[in-house]
Amino acid sequence: MNKLDEFNKKQLKKDLLEIKSGDTVRVHQKIKEGDKQRIQIFEGLIIAKKHGKGINATITVRKMSKGIGVERIFPIHAPFIEKIEIIKRHKVRRAKLYYIRHKSAKKARLKEIKKEPRKKETETKEIKKEVPAEEK
């Protein structure tokens, strides 16, 4: 393992969630303006995930802003990405959702995967004591 691979391995983020195409995400990005820093949030649908899981991995996020489609490409492991939140998950059959660009309103809807609340398994089993039958 050479020095470049070791450096890249240190730069990878460890706390990333499993994100995939069809997820609606909120990306928190650090913006530096002069000597001040602030966080800008970009919320949209992931239409593509590229370049694997390494240091070069990117996601393309698309949102509609005042009727105009806006796409941004974010490097997942970049230091200016503070966090990525998953808002919704959708059921999709494609890895790249480029066809969404040409769809409008109702045609661009995706089927949402609803999370079922996990039921706590409480042991309500009653222990039945067998009473020996009385002999007469």
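Loop only per DSSP, at most 13 neighbouring Cβ atoms within 10 Å: give me the trypsin sites (Lys or Arg not before Pro) in the stretch 57-87, ordered by residue number.
Numbers: sites: Arg62, Lys63, Lys66, Arg72, Lys83; in loops: Lys66.
For trypsin sites (Lys or Arg not before Pro) across the stretch 57-87 that sit outside H, G, I, E and B with at most 13 neighbouring Cβ atoms in 10 Å, the list reads Lys66.
What do you get for GluC sites (Glu not before Pro) in the stretch 1-36 restricted to DSSP loop and a cutoff of at most 11 other Cβ within 10 Å of the site's Cβ?
Passing sites in the stretch 1-36 are Glu18.
Return the loop-located chymotrypsin sites (Phe, Trp or Tyr not before Pro) in the stretch 1-101 (DSSP other than H, G, I, E, B) with at most 10 other Cβ atoms within 10 Å of their own Cβ; answer none if there are none.
Here no loop site has a sparse enough neighbourhood.
If amide H atoms are built 1.01 Å from N in the plane of the peptide, which residues on other chains or at least 5 residues away come under 5 Å of the amide H of Asp23?
Ile46, His90
To the nearest whole percent, what portion of all C-alpha pairs in the stretch 54-93 is separated by more than 13 angstrom?
In whole percent, the long-distance tail amounts to 68.
Quick one, what does Rg over Rh come out to for the stretch 1-59 if you take C-alpha atoms and the Kirkwood Rh?
Values: Rg = 14.5 Å, Rh = 13.8 Å.
Ratio value, two decimals: 1.05.
Provide, in order from the shortest bin, the percent of all Cα-Cα pairs of the stretch 3-102 in each 10 Å bin, continuing until the bin that contains the maximum pair distance.
The calculated distribution, bin by bin, is 14, 44, 31, 10, 1.
Report the label-to-label distance for Glu112 and Ile68 in nanometres (one decimal), using points 7 Å from each Cα along the Cα→Cβ vector.
According to this spin-label approximation, the distance is 2.8 nm.
Label 7 Å along Cα→Cβ of Arg26; the stretch 38-60 residues with amide nitrogen under 14 Å?
What the label zone holds, given the 14 Å backbone N cut-off, is 39-45.
The numbers here are math on the coordinates, done by the rules we state, and not lab data. What you see is a predicted model, and the numbers here were worked out from it, not measured in a lab. Backbone-built Cβ (ideal geometry, glycine too); neighbour counts: all protein chains shown.
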